[in-house]
Amino acid sequence: MSTMLERATAAGIPIHEFDLEHDPRWGVDPHAVWDEATKIAPLFYSPVNRGYFVATDYETVKGVLRDTAVWANTPTTTIFTEREVRLNVPPLSMDAPDHTVYRRAMIPLFSPQVLTPLEPGIYDLANELVDDIFAKGSCLFTKDFSSQLPARFFLGWFGFDYGDMQRMFELAEKATFEFPTPEIRKQIEGEIEGLISGLYEYRRTNPGDDLATAMVNMRVNGEPIPEEVLVPMGTLAFIAGQETTSTQLGYIMWHLARFPKDRRRLIDDPALIPDAIEELMRVYNTGGPSGRTARASGDVDGVQIEAGDRIFIARAGADRAMAADVQLDRTPNRHTAFGLGIHRCIGSHIARIEMRIALEVWLKRVPEFSIPAGFVPTHRYGSFMQQLNSLPLEIPGLGSPHRAAA
Ligand code: HEM
């Protein structure tokens, strides 16, 4: 059996070190790293971290994500680190036919009928966070707003009380942005799972109007979902439910702070906010977490694929390459920030609602804001996505965000 490198060389695709774990440039300018990757080729081979193909343009990305006969999520080596990490996060870590039935069970929990009544609570939360910022007299947007809103909303919706919420929040950060040893990772996952299964246990006898209750009531083929699947399903919803949205919101606000014309357009015409969110998700697609492992022989862009090959789907690069300019009213916008194909994000509706409400409330109450002179952004690239480390904002009438950050 030939290696990925031999087959990449035979097909004449570039060999390029694209390192999702060690490249320090992720911390400085991740968007430049994505842009560079798209310029190399639609498909190339990266020999680092046990070797993987990298798909960088829309057609190749779409082809791979739709070709489920060849590309699988089992075993779930979606993490392109030096050490092998396997994630058990159903339904993402499942393939058909299991994936189909578990995903089907989850879909009704995220329907518009369930989500629309949650909107008033999200407006209240967004307003409270702005009140707190005014009361405090300074704003570190990532810490005070974009990480708070999705975490507090989601954990409350899930059914956690405030004390557990704080711990879950810390654990989600660790699970998403650190590359811990398998032992530490196991420990983090164990703690998350313990909190989730404790909540399920409680909700079985004390049902509430929350996601945990809806999850314990899910049925697959008429049967309750076994605990060993239900708990990691909750873990995925919990990790995917907060870090992703808060990260995306941070980048959206980073753009609006740097481009006052775009900000002014949204203030003058809030009806444009939903389209603007799609465009800013395209431009600042947070990167993760799509990777696949081949379970059968196949072909991508003329390269022979064999079972066991891995591919990283550089959706962020593909999205950025669709257009060089930022057009807030771009329609249609076929970005891939929520994925493509059978694993497309289940939480996209609620994420869109949260981000829309966040922008509506923020722009109405805080129309003027800017980034302090001399602030140099840094970014983290984790096992799932990239994130702005911090975003201080200067708001007329409020104190210095640098002092708040210290
Ligand atoms: C801006 C916020 C979000 C982004 C950018 C995002 C992105 C993604 C992406 C790219 C995938 C597909 C991964 C792949 O194909 O390998 C995905 C899947 C998933 N997302 Fe999200 N997500 C967000 C918010 C959420 C929220 C709020 C939830 C839940 C409350 C959620 C739950 C899920 C689940 C359960 C899957 C797996 C679906 C499946 O395997 O069928 N996501 N997400």
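Brief remarks on what is shown
- Screening Asn49 against (1) surrounded by fewer than 16 Cβ atoms within 10 Å (Cβ to Cβ); (2) of a type in the set (S, T, N, Q); (3) part of a loop (DSSP other than H, G, I, E, B) leaves a single unmet condition, (1).
- Check on Ala72, touching a helix residue (DSSP H, G or I) at 6+ places or on another chain (Cβ under 9 Å), within 15 Å of the ligand (Cβ to nearest atom) and either among the aliphatic types (A, V, I, L, M) or under 23 Å from Glu6 (Cα atoms) (or both): no
- Scan of the stretch 345-362 for residues that are near the ligand (Cβ under 7 Å from one of its atoms) and surrounded by fewer than 20 Cβ atoms within 10 Å (Cβ to Cβ), ordered by number: Cys345, Ser348
- Residue list for the stretch 303-332, filter: within 16 Å of the ligand (Cβ to nearest atom), in contact with an Asp or Glu (Cβ under 8 Å, 6 or more places away or on another chain) and under 27 Å from Thr9 (Cβ atoms): Gly317, Ala318
- Qualifying residue in the stretch 382-392 (condition: in contact with a Ser or Thr (Cβ under 9 Å, 6 or more places away or on another chain) and within 11 Å of the ligand (Cβ to nearest atom)): yes
- The set of residues in the stretch 262-287 that are part of a loop (DSSP other than H, G, I, E, B) and either touching a Leu at 6+ places or on another chain (Cβ under 7 Å) or farther than 17 Å from Arg334 by Cα (or both) contains only Asp269.
- Residue list for the stretch 328-356, filter: under 24 Å from Gly291 (Cβ atoms), part of a loop (DSSP other than H, G, I, E, B) and of a type in the set (A, V, I, L, M, F, W, C): Ala337, Phe338, Leu340, Cys345, Ile346
- Residues in the stretch 183-211 that are within 14 Å of Phe238 (Cα to Cα) and either of a type in the set (Ser, Thr, Tyr) or within 21 Å of the chain's Cα centre (by Cα) (or both): Ile188, Glu189, Ile192, Glu193, Ile196, Ser197, Tyr200, Leu211.
- Answer residue from the stretch 75-88, given it is of a type in the set (Ser, Thr, Tyr) and either within 14 Å of the ligand (Cβ to nearest atom) or more than 22 Å from Gln386 (Cβ to Cβ) (or both) and is modelled with the lowest pLDDT among those: Thr77
- Conditions (1) more than 20 Å from the chain's Cα centre (by Cα); (2) surrounded by fewer than 21 Cβ atoms within 10 Å (Cβ to Cβ); number of the one not met by Arg86: (1)
- Reported count of residues in the stretch 3-41, each being buried (at least 20 other Cβ atoms within 10 Å of the Cβ) and under 20 Å from Asp309 (Cα atoms), is 6.
- Long-range neighbours under 6 Å by Cβ, at least six apart or interchain, first residue within 15 Å of Ile79 (Cβ to Cβ) within the stretch 41-64, second part of a helix (DSSP H, G or I) and at pLDDT 95 or above: Gly51/Met4
- Against the numbered list (1) under 26 Å from Arg334 (Cβ atoms); (2) under 19 Å from the mean Cα position of the chain (by Cα), Gly63 comes up short only at (2).
- Near pairs, Cβ below 9 angstrom, 6+ apart or cross-chain, from the stretch 333-351 (within 16 Å of Asp95 (Cα to Cα) and of a type in the set (D, E, K, R)) to any residue that is within 7 Å of the ligand (Cβ to nearest atom) and part of a loop (DSSP other than H, G, I, E, B): Arg344/Phe338
Conditions tested, residue by residue: (1) within 16 Å of the ligand (Cβ to nearest atom); (2) assigned to a loop (DSSP other than H, G, I, E, B); (3) basic (Lys, Arg).
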residue: Trp26; (1), (2), (3): no, no, no
residue: Trp34; (1), (2), (3): yes, no, no
residue: Leu65; (1), (2), (3): yes, no, no
residue: Pro90; (1), (2), (3): yes, yes, no
residue: Asp95; (1), (2), (3): yes, yes, no
residue: Tyr102; (1), (2), (3): yes, no, no
residue: Ile107; (1), (2), (3): yes, no, no
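- Counted as qualifying within the stretch 126-215 are the helices (runs of 4 or more DSSP H) with 1 or more residues that are more than 16 Å from the ligand (Cβ to nearest atom) and in contact (Cβ under 8 Å) with a residue 40 or more places away in the chain, namely 182-205.
The values are calculated or read from the model by the stated rules, or taken from the named source; none is laboratory data. Just so it is clear, the model here is predicted, and its values are computed rather than measured. Reconstructed Cβ throughout: ideal geometry from the backbone, glycine too, with neighbour counts over all protein chains shown.
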